[in-house]
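Each remark here refers to the structure printed beneath this line.
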Amino acid sequence: MTNDDTHKDCVFCQPRLAGEITRAGQCVIVDAQETLFPGFTRVIWHDHVREMTDLTSEQRQDFMAVVFDVEQIMRATLKPHKVNLASLGNQTPHLHWHVIPRFEDDVAFPGPVWVSGIDSVAAEHRREQTASALADYHEALIQRFTA
């Protein structure tokens with residue numbers, strides 16, 4: 001399936017995505033700009049596709065290779081306690097993976113990032129601690145996928 005006019009309202013089918021860091025083959029790597037979770041990244045399949053099984057086997061392998069490279073770079077630069085990988089697509093039915101750095105002092109740890117009642121003071125503390133590493137993380141992604 002392609003990125004045609006039938007999907008013009010899809011937030012991931014826009015020519016340039018908010019927070020776009022770089023592109024890798026058929027993927028767009030985006031800083032999700034989740035203020036409570038700095039470093040939260042999305043890897044989005046460029047074409048409007050709903051499910052992983054709509055891709056060919058080779059496309060699935062290429063997609064996951066990018067996701068795993070993003071995780072590896074995230075671990076090396078942001079040094080999270082854990083990385084969460086999630087592919088939901090309930091709100092935006094367009095293939096994408098969430099790559100989420102988790103820190104023991106993040107506002108939702110050890111629970112999922114999709115919770116209510118977040119402590120904004122703790123979120124600001126985590127943002128400050130991660131801010132300096134984010135530029136290095138983004139630059140490492142650009143270097144890896146712009147070769």
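Restricting attention to the range 34-79, report how many residues are touching a strand residue (DSSP E or B) at 6+ places or on another chain (Cβ under 7 Å) and of a type in the set (Asp, Glu). Give the derivation first.
We begin by selecting, within the range 34-79, every residue touching a strand residue (DSSP E or B) at 6+ places or on another chain (Cβ under 7 Å); these are 37, 39-46, 63, 66-67, 70-71, 74-75, 78.
Okay, now just the ones that are also of a type in the set (Asp, Glu), so 71.
Summing the residues that are touching a strand residue (DSSP E or B) at 6+ places or on another chain (Cβ under 7 Å) and of a type in the set (Asp, Glu) in the range 34-79 gives 1.
Checking each residue in the range 23-63 for being touching a Ser or Thr at 6+ places or on another chain (Cβ under 8 Å) and over 30 Å from Pro110 (Cα atoms) picks out Asp47, His48. Considering only the range 25-120, give the strands (runs of 3 or more DSSP E) lying wholly within it that have at least 1 residues that are open to solvent by 50 Å² or more (accessible area, probe 1.4 Å) and free of Cβ contacts under 8 Å to residues at least 40 places away in the same chain. By residue number, 82-86. Of the residues making up the range 121-147, those that are open to solvent by less than 80 Å² (accessible area, probe 1.4 Å), of a type in the set (A, V, I, L, M) and more than 21 Å from Ile44 (Cα to Cα) are Ala122, Ala123, Ala131, Ala133.
The values are calculated or read from the model by the stated rules, or taken from the named source; none is laboratory data. The model shown is predicted, which means the values in this text are computed figures rather than measured ones. No Cβ is skipped: glycine too gets one built from the backbone with ideal geometry, and neighbour counts run over all protein chains shown. These area figures cover heavy atoms from the full protein model, side chains too; ligands, DNA and RNA do not enter into them. Shrake-Rupley method; radii C 1.70, N 1.55, O 1.52, S 1.80 Å.
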